[in-house]
Amino acid sequence: MKNFTLRNSLRILLAMMVLAAVAIPADAQKSTAKNQQTRQKEKQTQPQTVKKSLGVDDIVKWNRITQMQISPDGSSIAALTEPWKGTSFARLYDKEGRELFSSDSVKSIHFTPQSDYFVMHRQGKKVGKLIIYSIKEKRSTQIDSVSKFTAFPEWGTWVALSSKDSTVKFADLKSGNQKVYKKVSSDAFAKKQPAGLILSAGRLMLVNAAAGTETELGEVKRADKLAISENGVSTAWVTDGKLVIRRDNVERLITKGEKPLPEGWVIPSYTTLRFSENGEKLYFGTAPAPRIKNTSVVKGEWPVVQVWNWREKVQFTTQVIEKEQDKKKTYQAVYSFATDDAVQIESTTSGRVVTADKGNSDYVITLSDDKYKLEEMWEGRVRYDIHITNTLLDRSVPVAQGVAGQVRFSPKGKWVYWYSEPDSSWFAWSVSNLKGGRITKPAQIKAYDEDNDVPDMPSSYGAAGWNEDESALYVYDKYDMWRVDPNGAAEPRRVTLNGREKGVVYRAELLVKEKEYIDEKMELLLSVFDTKSKDGGFAIFRAGFEKEPEMMVSGPYSFGGVSKAEKSGEIIFTKENFTTAPDIWVSDLSFKQQKKITDINPQQKEFVWGTAELVKWTSLDGKVLEGVVYKPENFDPSKKYPLIVNFYEKNSSTLNTYRTPEAHRSTVDYHMYNSNGYIIFNPDIVYKEGYPGESAFNCIMPGIAKLVEAGYIDEKRIGAQGHSWGGYQVAYLATRTNLFAAIESGAPVVNMFSAYGGIRWGTGHNRSFQYEHQQSRIGKTPWEAHQRYIENSPLFTMDKVTTPILIMHNDKDGHVPWYQGIEYFVALKRLQKPVWLLNYSGEVHWPQKLENKMDFQRRMMQFFNHYLKGEKMPKWMDEGLSAVDLDFELGY
């Protein structure tokens, strides 16, 4: 490996890059430069309001939309916005964008089915309240002392309200009628009508608020679990190890020693209860009786030891993490009202159960990975043996073995289907005739990830869904949607026709929530992404016909959040790019008239903002690459700017993403740095197996050179920042070049040998699969490719580092062992090179507490400001802060 000294050999490299970069016609270059100069002169002659630079205290006030809804009749739009620090607001608008009502401190919002009321659950410091705004009467009322509220579309104007004093109320928002229950210790609510199962002061009652009925089911001192069917007719509860199932005054009791419980099994207090959607089946959990500790051993004489065994299928560290979960694991059984019988459908060895048709079907599939658990340690993937079981007959049939991929039922349960990663093909299996097989081939559909660059089998692009009668499955390739015959008799048909030719990605948007299928008789909305321009949009087409989609709207934006009014043609969606916040817009499916409804961050105009531009260059190994350059809005091409390179893998597709300002847990805030005079560069990286560090170097360095050649980057003021995988890559770059004046490296791996044998402490899993098959991309074990582990480990060339380094690595990191950060720090300290380490004690892979994220952003900006802008070194960097000092000062 050769070191890259850009300052000494920049001119030679730039000459190479000029030859290799994507050419721009000379006339276009002159025209662009002339236009830029003209615009700059115009800006200088126009009176302008002085804008402020964003700081950490500003970005935490930025709002994002956390909930957005359109009323069923399409007349009203609601948005719940929340800042990172501060008070949430719910606002109600009409279709013209006029604000009708608002309230602060709201945690959830809800429209009633007839669009007559807008409901907000407001959370106060001590108690919450429900605010009800009448859209027709334009007035609001409120109900106090509400800690939780429940409502479903089928409930009409009824809601269920819970308070901290164990009171439950059914309330009709229209009439004002209420039914109140005190001392409620447990409750469950039906979905399709305002009904519930209530345990109040030892009395168990079935309540139907709309009908005004209340049926007492008996005295129950304590219920471990309650359940009620969606139609409010059937109920179930567990008390003292007994499961009681009731319908129409008939009760069925299941307890220890009775069918379907295996010998020695019980219905534990932590069981699960779930009715099928039609209420004809109850799924419940059973478990072996709890083990009893040996009480003959004197307290204090029992040794505290872990016993690890090379044969155990689940690593001991994972067992420790999952211990409490495993102690409360249950195994599914099902009771059928039709047969008045129960069947145990899951055992300790059978695997996980998946139900069909919302639990209505008599069939379930079991997915067992027991034979493959040991291999998961180094493969990093889950494989299953699939069986299908008829729960009425209690019979099971094998479907397939060793399937690597997600296994599902079609919505109505006619088919079991999955994507097989080893075969790069879709498979389907008929439940009715118990037959099936491969339904696509790679030669027909490139359903596999064409851009996969990890040493493993590529995953799929996914499926859009089934048609109504389940005679067709719609799947994706990189660009298009295909109609596939699940019987495998007919050839797959590409229905979107032109995606691959145009470089456009089509994906289905299912607007009607109740329909879990693609309606081939109706127009289908498609989201559109142009892979060349990065523009977004929406198109319309009919899934049942082979016809090019009709583009309805497109442009330099990212579109999302689309939702349709249930009873009208209006839709809402968001539209954003780097300068435009993702506000809510309203239109219909023609998109001819679009109306902006919200303005969630009006304060943006007070601050210096930024712009995003797509750039192209060629890597040192000949690959044409893309990336995004983010410049301050007051950019002057005649000036020299400090540059920060921030990257992960590929991010050019996010050109038109707003990147909401925030005190990020792991990255620089692009808007804050643009606002403070920095340029940000985010380059794409294409990896070669076995050489992840060198791949990053080959892709990033000529990209930087291209920007320097443009004349607006100060080559002596270039920094880099990355976290986790990005943190590793910037650590690697620091050993290969003296280009960077400062680097922040978050949660980095610097020693692939020790990291390979490390543990992901958040899950207990070992890390070997990451190097053999996943992101770290070595593709072999350390004993198979000893040299590759050395070459890709920055630790072994730390003496080459000339760049000041800021490390952030927290002591409870569950992804990357924080010893990696320690190895990094200790090596540089031993070499007496400038290095600092931030450890937010008790935090995980990144800071989660807001105060810690704000602190990280302040210190990182001070670090870069010192080395890239010449600002004074803060005390924490210069003198340091002792363990005692940190109790009294922060050293900013």
What do you reckon, is Phe559 buried (at least 20 other Cβ atoms within 10 Å of the Cβ) and closer than 19 Å to Glu613 by Cα?
yes
Complete set of residues in region 842-873 that are surrounded by fewer than 18 Cβ atoms within 10 Å (Cβ to Cβ) and more than 15 Å from Leu890 (Cα to Cα):
Gly842, Gln848, Lys849, Leu850, Lys869, Gly870, Glu871, Lys872
Yes or no: region 275-296 includes at least one residue that is in contact (Cβ under 8 Å) with a residue 24 or more places away in the chain, within 23 Å of Lys256 (Cβ to Cβ) and of a type in the set (S, T, N, Q).
yes
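Condition first: part of a strand (DSSP E or B), among the small types (Gly, Ala, Ser) and within 26 Å of Glu514 (Cβ to Cβ). Now tell me which residues in region 409-427 satisfy that.
Filtering region 409-427 for residues part of a strand (DSSP E or B) gives 409, 415-420, 425-427.
Pick out the ones that are also among the small types (Gly, Ala, Ser) and you get 420, 425.
Of everything in region 409-427, nothing turns out to be part of a strand (DSSP E or B), among the small types (Gly, Ala, Ser) and within 26 Å of Glu514 (Cβ to Cβ).
Give the residue that is surrounded by the most Cβ atoms within 10 Å (Cβ to Cβ), with candidates limited to residues of region 154-200 that are at positive phi and modelled with pLDDT of 95 or more. Break it down into steps so the answer makes sense when it comes.
From region 154-200, those at positive phi are 156, 166, 176, 183; that's our starting set.
In the following step, the residues that additionally are modelled with pLDDT of 95 or more were identified as 156, 166, 183.
Numbers: Gly156: 18, Ser166: 16, Lys183: 13.
Filtering region 154-200 for residues that are at positive phi and modelled with pLDDT of 95 or more, the one surrounded by the most Cβ atoms within 10 Å (Cβ to Cβ) comes out as Gly156.
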Is it true that some residue in region 495-515 is of a type outside the set (Lys, Arg), part of a strand (DSSP E or B), in contact (Cβ under 8 Å) with a residue 24 or more places away in the chain and closer than 25 Å to Lys358 by Cα?
yes
So, of the residues in region 536-556 that are in contact (Cβ under 8 Å) with a residue 40 or more places away in the chain and under 18 Å from Lys592 (Cα atoms), which turns out to be surrounded by the fewest Cβ atoms within 10 Å (Cβ to Cβ)?
Ile540
Total residues in region 752-766, condition assigned to a loop (DSSP other than H, G, I, E, B) and crowded, with 24+ Cβ neighbours inside 10 Å
0
In the set Leu161, Leu206, Leu130, the lone residue that is closer than 27 Å to Glu277 by Cα and either in a loop (DSSP other than H, G, I, E, B) or touching a Phe, Trp or Tyr at 6+ places or on another chain (Cβ under 7 Å) (or both) is Leu161
Lone unmet requirement of (1) touching a residue at least 12 places away in the same chain (Cβ under 8 Å); (2) surrounded by fewer than 22 Cβ atoms within 10 Å (Cβ to Cβ); (3) assigned to a strand (DSSP E or B) for Glu251:
(1)
If you go through region 92-101, how many residues are in contact with a Phe, Trp or Tyr (Cβ under 9 Å, 6 or more places away or on another chain) and surrounded by fewer than 16 Cβ atoms within 10 Å (Cβ to Cβ)?
2
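Given the options Lys532, Lys521, name the one that is under 27 Å from the mean Cα position of the chain (by Cα) and assigned to a loop (DSSP other than H, G, I, E, B).
Numbers: Lys521 fails: under 27 Å from the mean Cα position of the chain (by Cα).
Matching residue, one of Lys532, Lys521: Lys532.
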What number of residues in region 117-150 are farther than 16 Å from Lys169 by Cα and either free of Cβ contacts under 8 Å to residues at least 40 places away in the same chain or surrounded by fewer than 19 Cβ atoms within 10 Å (Cβ to Cβ) (or both)?
13
If Val244 passes every condition in (1) assigned to a loop (DSSP other than H, G, I, E, B); (2) out of contact with any helix residue (DSSP H, G or I) (no Cβ under 6 Å at 6 or more places or on another chain); (3) surrounded by 14 or more Cβ atoms within 10 Å (Cβ to Cβ) but one, which one does it miss?
(1)
What are the pairs, 6+ residues apart or on separate chains, where a residue within region 873-892 that is assigned to a loop (DSSP other than H, G, I, E, B) has its Cβ under 8 Å from a residue that is among the hydroxyl-bearing types (Ser, Thr, Tyr)?
Pro874/Tyr892
Checking Val668 against (1) over 26 Å from the mean Cα position of the chain (by Cα); (2) under 23 Å from Trp725 (Cα atoms); (3) not aromatic (Phe, Trp, Tyr), the condition it does not meet
(1)
Is one or more of the residues making up region 313-326 among the basic types (Lys, Arg), surrounded by fewer than 16 Cβ atoms within 10 Å (Cβ to Cβ), within 27 Å of the chain's Cα centre (by Cα) and farther than 17 Å from Gly402 by Cβ?
yes
Just checking, how many residues over region 678-733 are more than 19 Å from Val750 (Cβ to Cβ) and assigned to a loop (DSSP other than H, G, I, E, B)?
8
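Pick from Ile439, Ile365, Ile386: which is touching a Phe, Trp or Tyr at 6+ places or on another chain (Cβ under 6 Å) and either at pLDDT 95 or above or of a type in the set (Val, Ile, Thr) (or both)? Walk me through it before giving the result.
Working: Ile365 fails: touching a Phe, Trp or Tyr at 6+ places or on another chain (Cβ under 6 Å); Ile386 fails: touching a Phe, Trp or Tyr at 6+ places or on another chain (Cβ under 6 Å).
Sole residue among the options that is touching a Phe, Trp or Tyr at 6+ places or on another chain (Cβ under 6 Å) and either at pLDDT 95 or above or of a type in the set (Val, Ile, Thr) (or both): Ile439.
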What pairs can you find where one residue is in region 645-656 and on the phi < 0 side of the Ramachandran plot and in contact (Cβ under 8 Å) with a residue 12 or more places away in the chain, the other is among the polar types (S, T, N, Q) and not in a loop (DSSP other than H, G, I, E, B), and their Cβ atoms are less than 7 Å apart, with a gap of 6+ or different chains?
Asn646/Asn682; Asn646/Gln721; Phe647/Asn682; Asn651/Asn682; Asn656/Ser558; Asn656/Asn577
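Are there helices (runs of 4 or more DSSP H) fully within region 311-391 with at least 1 residues that are acidic (Asp, Glu), more than 26 Å from Trp237 (Cβ to Cβ) and in contact (Cβ under 8 Å) with a residue 12 or more places away in the chain? List them.
Details: elements: 316-321, 323-327, 373-379.
Where helices (runs of 4 or more DSSP H) fall fully within region 311-391 and carry at least 1 residues being acidic (Asp, Glu), more than 26 Å from Trp237 (Cβ to Cβ) and in contact (Cβ under 8 Å) with a residue 12 or more places away in the chain, they are 373-379.
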Quick check on Arg274: is it surrounded by 10 or more Cβ atoms within 10 Å (Cβ to Cβ) and within 38 Å of the chain's Cα centre (by Cα)?
yes
Kindly provide the set of residues from region 213-229 that are over 38 Å from the mean Cα position of the chain (by Cα) and of a type in the set (Gly, Ala, Ser), ordered by number.
Gly218
Run down Phe740, Phe697 and say which single residue is modelled with pLDDT of 95 or more, of a type outside the set (Lys, Arg) and in contact with a strand residue (DSSP E or B) (Cβ under 6 Å, 6 or more places away or on another chain).
Phe740
Criterion (outside any strand (DSSP E or B) and modelled with pLDDT under 95) met by exactly one of Glu230, Glu258:
Glu258
Output the residues belonging to region 614-657 that are closer than 20 Å to Pro582 by Cβ, in a strand (DSSP E or B) and not aliphatic (A, V, I, L, M).
Tyr630
Take the conditions at pLDDT 95 or above, buried (at least 16 other Cβ atoms within 10 Å of the Cβ) and under 38 Å from the mean Cα position of the chain (by Cα) and apply them to Asp73. Does it pass?
yes
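The values are calculated or read from the model by the stated rules, or taken from the named source; none is laboratory data. The structure presented is a predicted model; accordingly, all values stated were derived computationally and were not measured. Positions of Cβ are backbone-derived with ideal geometry, glycine not excepted, and every protein chain shown enters the neighbour counts.
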